[in-house]
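The values are calculated or read from the model by the stated rules, or taken from the named source; none is laboratory data. As the structure is a computational prediction, the values presented were derived from the model and not from experiment. Counting neighbours? That spans all protein chains shown, and the Cβs are built from the backbone with ideal geometry, glycine included.
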Amino acid sequence: MTRVTAGCIALTALFITFVAQLSAQPASGAADRHAELRRQADTAYRQRDFARTVELTSNVLTENPQDAVALYLRGSARVEMGITQNNSNFIREGIEDARKAISADGAKRPDFYLPYLYGMSHLTAMEGDRSHAEMAVKVATDIANRDDILNKAKSNLLYQKALAYSKLEDYPQAVEALRETLRLDANHLAGHLALADVLARKGDIKDADAAFTKAVELFPENALVFNNRGMFYQTQSRNADAIADFSKAIELDGNQLQSYLNRGFTRLNTGDHAGAEADFNRAIELSPDNAPAYALRATAELLQHKTNEALHDYLKVIELRPSYPPARADIAFAYFFAGHYETAGQAFEQALILAPESKYLVPWRYAAMSLAGQQAAANQAYAEIANKAPEMRDWFDTLTLFFMEKIDERELLTSIDSKDAALRDAQLCEAYYFVGLKLQQQGQGDPSRYFRRALQAQAKQLSAYRAAQLALESMPQ
């Protein structure tokens, strides 16, 4: 599920002030040209065109490598690019630009620390190395405690400190830093949204709800606050409230890509597949190279039995992200749901080659090969599972063994985890679907009874849930 995050929102406002100060100074020639490029870069950054921001600021830095503002803004854009593209190298380049900006400025302006802090926090989230966010906490604390720091700048530093604590999953400390942020600046938009989000992660649902509502009251014309509250409602299964908030965000900003994706996803989960498809259509109009939008639209199409359209969209995802394992898995499932079992088996194999750790695909590949009449090849491919000692098996081994007919339905169901409710429901969904699928393959019993049981588990995020839906819809009523 896609969530719009506040990100470096504070950077934009700070940069506007700084550029205004520079533009008041007499300038001519190269200095005047650089000022104009910085203004254009600021506009591109506001529009989230980070590549353009990097291009414009790089033009300035080619002629003046010590331009602190250009370094600051390029660093901010590179960090944002790294986050959106899941590219730690971009983040590191942004951090290095921020360091250079701090040095070129003589460490006078606290604003220039913000992309550094933001990048360090996200390196921890991306790579799992806590030392980056821990350093961000230390630096933010040190700078915020300087005697020359004004409240506005201090609130932004404390906000970044809170984000670092959040990446460290130290939510009580994050809440404390955010409350201090808002004490210093009651209209700190990013602080309000982050506080609500951290409270939700901390499990304080009532307080999180109140914090989101406070943000909406303070910023009633801001699409971001409605989008993020909608995301919160969606996680609480308040789907009607979520859709209303996403719709309000779209009303306020008709180009709000993430709100279309979020509303479409929520509609998908509530069974409004046509409405979801319409939202994903609009998202693709706004961002023609957005792979998640194509993947989500394909799911909506599949659930409306538009198999060819879905396959076309999944192929587009692979074109956009050829080395992205989930894209291969998605198209494999699409072929499976369409009954193209041989092709599905091949696609599952490709996905497993790209991501061998994706063991959840193994029972699906085995089933696809078996249903395609490749039983001997399937048994040979997964002979190791058949020979495993019972105590060495995981859930996906057990599911595969059931389809191999090495264990029966009773053994499959007794293997389900009974301690974790969410895990139990997921395993029940998969177990009942695979039992129904096996009965369908054998031409025995009543598969529909098991497909209905799979749906009763309400594990809507699972491929087995969607498969059970499609199987029931294709059966005579």
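The set of residues in region 187-234 that are among the basic types (Lys, Arg) and surrounded by fewer than 22 Cβ atoms within 10 Å (Cβ to Cβ) comprises 201, 202, 206, 214.
Here 49, 97, 111, 105 are screened, and the one residue that is free of Cβ contacts under 8 Å to residues at least 12 places away in the same chain and of a type in the set (D, E, K, R) is 49.
Filter region 79-89 for residues that are more than 16 Å from residue 102 (Cα to Cα) and touching a residue at least 12 places away in the same chain (Cβ under 8 Å); which is surrounded by the most Cβ atoms within 10 Å (Cβ to Cβ)? My answer is 80. Taking residues in region 136-155 that are under 17 Å from residue 118 (Cβ atoms), and partners anywhere that are modelled with pLDDT of 95 or more and not in a helix (DSSP H, G or I), the pairs with Cβ atoms closer than 6 Å and at least 6 places apart or on different chains are 155/185; 155/188.
Just so you know, in region 387-403 the residues that are at pLDDT below 95 and among the aliphatic types (A, V, I, L, M) include one that is surrounded by the fewest Cβ atoms within 10 Å (Cβ to Cβ), and it is 389. In region 65-86, of all residues being within 19 Å of residue 44 (Cβ to Cβ) and part of a loop (DSSP other than H, G, I, E, B), the one that is farthest from the chain's Cα centre (by Cα) corresponds to 67. Restricting region 459-477 to residues that are more than 22 Å from the chain's Cα centre (by Cα) and over 15 Å from residue 439 (Cα atoms), the residue that is modelled with the lowest pLDDT is 477. Taken together, 197, 207 contain a single residue that is within 22 Å of residue 165 (Cα to Cα), free of Cβ contacts under 8 Å to residues at least 12 places away in the same chain and either part of a loop (DSSP other than H, G, I, E, B) or in contact with a helix residue (DSSP H, G or I) (Cβ under 8 Å, 6 or more places away or on another chain) (or both), which is 207. Residues of region 172-183 that are out of contact with any Gly (no Cβ under 6 Å at 6 or more places or on another chain) and either surrounded by 20 or more Cβ atoms within 10 Å (Cβ to Cβ) or in contact (Cβ under 8 Å) with a residue 40 or more places away in the chain (or both): 174, 175, 177.
Within region 161-169, one or more residues are out of contact with any Ser or Thr (no Cβ under 6 Å at 6 or more places or on another chain), under 25 Å from residue 84 (Cβ atoms) and assigned to a loop (DSSP other than H, G, I, E, B). Give the number of residues within region 353-372 that are outside any helix (DSSP H, G or I) and modelled with pLDDT of 95 or more. Within region 353-372, residues that are outside any helix (DSSP H, G or I) and modelled with pLDDT of 95 or more number 1. Screening region 387-458 for helices (runs of 4 or more DSSP H) wholly inside it with 2 or more residues that are out of contact with any His (no Cβ under 8 Å at 6 or more places or on another chain) and under 17 Å from residue 362 (Cα atoms) returns the ranges 395-404, 421-442.
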